[in-house]
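Below you'll find the structure, written out as structure tokens, and then a few comments.
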Amino acid sequence: MLNKLAASELVLNDDGSVYHLNLLPEDIADKIILVGDPDRVPKVSKYFDKIEMRKNKREFYTHTGTLRGERISVMSTGIGTENIDIVMNELDALVNIDLKNKEFKTEHKALKLFRMGTCGSVNPGVQVDNMLVTQNVVGLDGLMHFYQDYDFENEFSRSFLEKFPYPKIKPMLYFADWAEDLGELYKDAKYHGNTATFPGFYAPQGRQLRLKAVDDKFLETLNDLGVTNFEMETSAIYALSKLLGHKAITVNNVIANRRRGEFSADHHTSEKKLIEWVLERIIQ
Ligand code: R1P
Ligand code: URA
């Protein structure tokens with residue numbers, strides 16, 4: 001690969017910021033909280049001692065400041081792994097590429113990424129409005145098949161693949177796991193589990209409004225394969241972090257129990273609890 005990147009490959013705005021995130025290298029901290037919903041960004045940054053920077057473009061809103069004296073950023077990713085592809089590559093470019101010369105830096109910087117999201121449980125025993133940390137993730141979104149050199153295997157992936165009964169979906173599957181040392185920070189979470197990340201909210205997650213999903217037993221089948229919960233970003237966050245050399249962990253607020261047909265009666269309160277819980281653990 002050429003060391004100097006063409007203008008069409010690493011796209012920058014007029015002020016030299018990365019194209020979609022609209023950020024300059026000095027705008028981000030090494031610890032970044034990733035949330036899906038742009039409205040969740042101020043709900044997190046209101047806890048900062050001071051906010052030094054607010055920028056946005058499209059669904060990507062970023063606030064950077066300090067909390068208990070430590071620099072920290074919070075950024076919204078919008079929905080889906082295609083957005084995560086942009087977020088991860090542009091965040092990595094901010095720290096590991098010299099944007100002026102468009103050359104790779106010789107020293108690598110590792111970011112710490114903390115996804116704080118929402119999910120639906122497919123384990124009937126998981127209670128809504130509680131926190132669920134993702135240890136392993138299976139991506140059914142296919143993103144990582146566009147990258148060379150990604151082939152992650154562990155005990156979970158091997159047993160999952162052995163029994164996965166949907167041949168049309170199987171070619172899209174890939175696996176990843178958390179950054180173990182960040183997992184230590186979250187060891188007292190109510191639930192730890194295996195997450196499945198999907199390229200949609202409805203049929204991909206087995207929801208049937210007027211259209212039928214792949215099969216009526218999708219939730220039970222995935223749960224039998226060891227999956228605890230469904231959402232739309234973690235596979236790409238974990239897998240791209242592994243390839244790019246960053247550390248990542250996800251904790252989601254369980255807002256739905258799909259097997260019991262329940263939805264949270266007050267997800268604003270449990271969201272607040274999640275934000276406070278995460279901030280207490282990642283800034284010590
Ligand atoms: C779907 O409603 C969205 O909610 C979940 C899913 O992953 C998807 O992004 O996460 P966030 O609440 O972080 O957006
Ligand atoms: N987010 C999802 O992607 N699925 C759910 O069921 C709830 C939140």
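The values are calculated or read from the model by the stated rules, or taken from the named source; none is laboratory data. In this text the structure is predicted, and so the values were computed from the model without any measurement. Heads up, the Cβs are rebuilt from the backbone with ideal geometry, glycines too, and the neighbour counts pull from every protein chain shown. Calculation scope for accessible area: heavy atoms of the full protein, side chains included, ligands and nucleic acids excluded. Shrake-Rupley method; radii C 1.70, N 1.55, O 1.52, S 1.80 Å.
Restricting the range 78-126 to residues that are of a type in the set (S, T, N, Q) and in a strand (DSSP E or B), which is nearest to ligand 1 (Cβ to nearest atom)?
Ranking the qualifying residues of the range 78-126, first place goes to 118.
Mind telling me which of the residues 122, 138, 133 ends up being within 20 Å of residue 278 (Cα to Cα), touching a residue at least 40 places away in the same chain (Cβ under 8 Å) and either within 16 Å of ligand 2 (Cβ to nearest atom) or of a type in the set (Phe, Trp, Tyr) (or both)?
133
Looking at the structure I just gave you, is residue 256 among the small types (Gly, Ala, Ser), farther than 22 Å from residue 78 by Cα, in contact with a strand residue (DSSP E or B) (Cβ under 8 Å, 6 or more places away or on another chain) and touching a residue at least 60 places away in the same chain (Cβ under 8 Å)?
Criteria not met by residue 256.
Within the range 64-77, how many residues turn out to be open to solvent by less than 30 Å² (accessible area, probe 1.4 Å), outside any strand (DSSP E or B) and more than 16 Å from ligand 2 (Cβ to nearest atom)?
The number of residues fulfilling the criteria is 0.
When you go through (1) crowded, with 24+ Cβ neighbours inside 10 Å; (2) in a loop (DSSP other than H, G, I, E, B) one by one for residue 240, which number turns out not to apply?
Among (1) crowded, with 24+ Cβ neighbours inside 10 Å; (2) in a loop (DSSP other than H, G, I, E, B), the lone unmet condition for residue 240 is (2).
Inside the range 212-233, can you point out the residues that are assigned to a helix (DSSP H, G or I) and within 13 Å of ligand 2 (Cβ to nearest atom)?
Once the filter is applied, which keeps residues that are assigned to a helix (DSSP H, G or I) and within 13 Å of ligand 2 (Cβ to nearest atom), the range 212-233 yields 218, 219, 222.
Does residue 274 count as more than 11 Å from ligand 1 (Cβ to nearest atom) and either over 18 Å from residue 133 (Cα atoms) or part of a helix (DSSP H, G or I) (or both)?
Here the answer is no, as residue 274 does not meet what is asked.
What are the residues in the range 243-261 that are surrounded by fewer than 17 Cβ atoms within 10 Å (Cβ to Cβ) and among the charged types (D, E, K, R), if any?
If the condition is that a residue be surrounded by fewer than 17 Cβ atoms within 10 Å (Cβ to Cβ) and among the charged types (D, E, K, R), then 259, 260 are the ones that fit.
Report yes if residue 206 is on the phi > 0 side of the Ramachandran plot and within 16 Å of ligand 1 (Cβ to nearest atom), otherwise no.
Spelling it out, residue 206 is indeed on the phi > 0 side of the Ramachandran plot and within 16 Å of ligand 1 (Cβ to nearest atom).
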